Amino acid sequence: MERGKRLAIMIETAFMAALSFILGFLEFGGPWLAGGSISFIMVPIFLMAFRRGWKAGLATGFLAGMLQLLQGATIVHPVQLVLEYPIAYTVLGFAAIFTTHAVFRERIPYLLMLIGIVFGALLRYIDHFVSGVIWFGSYAPEGTPVVVYSALYNASYLIPQTIITVIILFVIAKYRPKFFDQPKWK
Amino acid sequence: MFENVIIGQYLPGRSFLHHMDPRAKIAAVLFLIIVIFLVNSWNGYALFGAVAIAIYFLSGVPFRYIRKGMFPVFILVILTFFLHAFFTREGDILFSVGMFSFYEEGIRQGLFISLRLLLLVYFTSLLTLTTSPIDLTDALEQMFSPLERFKFPAYDVAMMMSIAIRFIPTLLQETEKIIKAQTARGADFNKGSMRDRMQAFVSLLVPLFVRAFRRAEDLAYAMEARGYNGGEGRTKLRLLVWGWRDTLCCVLIAAFGVVLLFLRQ
């Protein structure tokens, strides 16, 4: 019984990671970024985290990051390789540490979801920020305000992306609360 | 919407690099992207460049694919080059344009850093161009398997990874189908107000998730019914074989690293 459930979670994790990879190509053009793009890459990871708990969320994020890496990533620094691909997505899974399935059974805890998503996104932001400082710092001449660049650049796409992700997840939660209800393994 | 989607960069082929064991390739690339940070002289970069060209001939990958892979970093390369050229004020003045003077040291630094960036991206894209994602997954599984002792589920991760890679094309087709179906019903993903577009995307995502979860459940049942129980003692369809090429390559790359150390200034 327990084994069956574990297998089911593993397969769902694989599918959500694959979906995250696919949704990375779907771009939501917005007025806030000249030429920038916002994708739904984080939606399946958060969905999986809320549905199956933070461990499954971490696994989904890790897989999603590794998929990006294996499919041919842009690598400019060894530290950036580790920070920007596997870790940046893995930390999103921590979004679910504020909620439990019992909470979702009763009603959809929008506030806890919001806190979770913002927390996950913040961890990802910190990760990208540090990675940016490290690798760009190793390329830019001394005296370049690398910290400011990294902070601004990463905020410029992560903030809108987080807002879109929150809206999409709230709408999904409202119309399809079943997604978050831990399904029983029959 | 998906015109530009190419899943993976892998180009099948029969070259020396294609025949190498993915473990050897990953190890070599990791080694190269670390030692490149040791290079700080013209001689070092010249040698690195020569090795890069030699590896290019061993790979049998047409140049246009490599150029395509390197394109995204081009802007970055140009940007970093000019940052150095403008802001480094050491050495002799080479020439001046209007109020800007270009110093020898700045140009040198700019060229070094640009070369480093290009070489890094070159080696990593050659890896993904000559190795299929499945081979990479198998190799990573073996390379991480010592971590099983510390409860890192290398085997499970590799299994999930293979399933994800296997189902990306299927799910992509499904996504296209749903996009077409919802477009036929009047959803517009590219135009309209934020609210309308958001609604259009929800009408895509919800059925997509429903189908993905259903497919996942079916697959889990199917695997369970066939007695899948993972981990220990499972045999593999594709086996990685470490050959003379791989040993030779690892030895050469290590020797190359030692030579680079001597070329440091």
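FYI, it's all coordinate maths here, none of it is from the lab. Fair warning: this is a prediction, and the values are worked out from it, not measured in the lab. Glycine also receives a Cβ, built like all others from the backbone with ideal geometry; neighbour counts cover every protein chain displayed.
Values for this structure:
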{"read-out": "Chain B, relative contact order in percent, only Cα pairs under 8 angstrom and at least six apart counted", "value": "29 percent"}
{"read-out": "Filtered trypsin sites (Lys or Arg not before Pro), the stretch B:106-209: DSSP coil and at most 13 other beta carbons within 10 Å", "value": "B:Lys151, B:Arg185, B:Lys191"}
{"read-out": "Helix axis angle, A:43-52 relative to chain A longest principal axis, alpha carbon, degrees", "value": "40 degrees"}
{"read-out": "Subset of A:Lys5/B:Lys25; A:Lys5/B:Lys177; A:Lys5/B:Lys236; A:Lys55/A:Lys178 violating a 27 Å alpha-carbon distance limit", "value": "A:Lys5/B:Lys25; A:Lys5/B:Lys177"}
{"read-out": "Top positive-direction residue, dipole computed over the stretch A:52-186 with Cβ charges, set A:Gln80, A:Leu63, A:Ser138", "value": "A:Leu63"}
{"read-out": "Over the stretch B:23-70: Rg over Rh, Cα atoms, Kirkwood Rh", "value": "1.00"}
{"read-out": "Among B:Gly230, B:Thr247, B:Ala220 - extreme Cα towards positive end, dipole of the stretch B:218-263, charges at beta-carbon", "value": "B:Thr247"}
{"read-out": "Quotient of C-alpha Rg and 2.2 N^0.38 Å, computed over the stretch B:1-103", "value": "1.46"}
{"read-out": "For B:Tyr103, residues with placed amide H under 5 Å, excluding near neighbours", "value": "B:Leu94"}
{"read-out": "Under Karplus coefficients 6.51, -1.76 and 1.60, residue-wise ³J(HN,Hα) of the stretch A:62-78 in Hz, glycine/proline x", "value": "4, 5, 4, x, 5, 4, 4, 5, 5, 7, x, 9, 8, 10, 10, 6, x"}
{"read-out": "Cβ-placed point charges (K, R +1; D, E -1), dipole of chain B about Cα centre in debye, nearest 20", "value": "520 debye"}
{"read-out": "0 to 90° range, to nearest 10: angle between helix B:194-225 axis and chain B longest Cα axis", "value": "70 degrees"}
{"read-out": "Whether the protein assembly as shown is rounded, prolate or oblate, judged on the alpha carbon gyration tensor where a/c under 1.5 counts as rounded", "value": "oblate"}
{"read-out": "The stretch B:117-208 shape via C-alpha gyration tensor axes, a/c threshold 1.5", "value": "prolate"}
{"read-out": "Cβ neighbours within 10 Å from other chains - mean over B:164-176", "value": "5"}
{"read-out": "Helix-only mean residue ellipticity at 222 nm for the protein assembly as shown, each DSSP H run of n ≥ 4 adding -39500 (n - 2.57), per residue, nearest 500", "value": "-23000 deg cm²/dmol"}
{"read-out": "Prolate/oblate/rounded call for chain B, Cα gyration tensor, a/c under 1.5 rounded", "value": "oblate"}
{"read-out": "Test item: B:118-127 mean partner chain Cβ contacts at 10 Å", "value": "3"}
{"read-out": "Under the Karplus curve 6.51 cos²θ - 1.76 cosθ + 1.60, θ = phi - 60°, whole-Hz ³J(HN,Hα) for the stretch A:91-105, x wherever Gly or Pro sits", "value": "4, 4, x, 5, 4, 8, 6, 8, 10, 10, 5, 4, 4, 5, 4"}
{"read-out": "Inter-chain Cβ neighbour average for residues B:82-88, partner chain, 10 Å", "value": "3"}
{"read-out": "Dipole of the stretch B:37-105, positive end: most advanced residue of B:Leu94, B:Trp42, B:Tyr65 [Cβ charges, Cα centre]", "value": "B:Tyr65"}
{"read-out": "Spherically averaged projected area of chain A from its Cα convex hull (nm²)", "value": "11.4 nm²"}
{"read-out": "Crossing angle, helix B:133-144 versus chain B [Cα axis fit, 0-90 degrees, rounded to tens]", "value": "80 degrees"}
{"read-out": "For peptides B:68-81, B:13-26, sequence by mean Cβ density within 10 Å, most packed first", "value": "B:13-26, B:68-81"}
